[in-house]
């Protein structure tokens, strides 16, 4: 990230934040019974960088929240980031926060020395983002069983086939019914899906119930990612 630190530029012009970004998209597959390991199916290399710029009021760069908002607006406008979930929890380091903190530090450093005055403030950030899209087969199977499987529960099935606690215990979510008609607490069967590929009661194979994502059709595995 570049920005002036020291004497402010004397030329006339707007204050702005410019963001240039290249996005590499990686596709991973968390398989049923895979023990929580993501299998990297393929990676698309970063194309030519996208660039966006926002003109702002110079005073915005003296306030962390306003600077963060400017950075967030800029990130959300980049074509390469559209369609990705930019929630803070999905970042290793939340980029808008880092950008705002860096800008605020530099601007306040200049202001404390009387170097900014009423001059413009300009910042440019060059960034490489790696986004991993994970097809979570256990969760996809849970959704399928919760929404699509319509078999009637055996009236004698009053307890979870995994923990043996009551299926209608207080505080529990509705039970999940597998195609073989065995029922489980959603929490119990979800944990099971991450380590098993068959019904824990009758061993009915569950691996064919969820279609693979379209991007996995090549079947070419290029590596492993934790």
### Task
Mind listing just one residue for me: the one in the stretch 5-36 that is surrounded by 13 or more Cβ atoms within 10 Å (Cβ to Cβ), out of contact with any helix residue (DSSP H, G or I) (no Cβ under 7 Å at 6 or more places or on another chain) and assigned to a loop (DSSP other than H, G, I, E, B) and, of those, modelled with the highest pLDDT?
33
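Matching residues to (1) farther than 30 Å from residue 207 by Cβ; (2) surrounded by 15 or more Cβ atoms within 10 Å (Cβ to Cβ):
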site: 65; (1), (2): yes, no
site: 83; (1), (2): no, no
site: 94; (1), (2): yes, yes
site: 99; (1), (2): yes, yes
site: 102; (1), (2): yes, yes
### Message
Looking only at residues that are out of contact with any helix residue (DSSP H, G or I) (no Cβ under 7 Å at 6 or more places or on another chain) and assigned to a helix (DSSP H, G or I) in the stretch 48-63, which one is surrounded by the fewest Cβ atoms within 10 Å (Cβ to Cβ)?
### Response
59
## Note on the structure
Sole miss for residue 134 among (1) at pLDDT 85 or above; (2) surrounded by 16 or more Cβ atoms within 10 Å (Cβ to Cβ); (3) out of contact with any helix residue (DSSP H, G or I) (no Cβ under 8 Å at 6 or more places or on another chain); (4) not in a strand (DSSP E or B) is condition (4)
### Query
Regarding residue 84, is this residue touching a strand residue (DSSP E or B) at 6+ places or on another chain (Cβ under 6 Å), in a loop (DSSP other than H, G, I, E, B) and modelled with pLDDT of 80 or more?
yes
### Task
Scan the stretch 109-129 for residues that are out of contact with any strand residue (DSSP E or B) (no Cβ under 7 Å at 6 or more places or on another chain), loosely packed, with under 13 Cβ neighbours inside 10 Å and at pLDDT 75 or above and jot them down.
112
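The values are calculated or read from the model by the stated rules, or taken from the named source; none is laboratory data. These numbers come from a predicted model, not from an experiment. Heads up, the Cβs are rebuilt from the backbone with ideal geometry, glycines too, and the neighbour counts pull from every protein chain shown.
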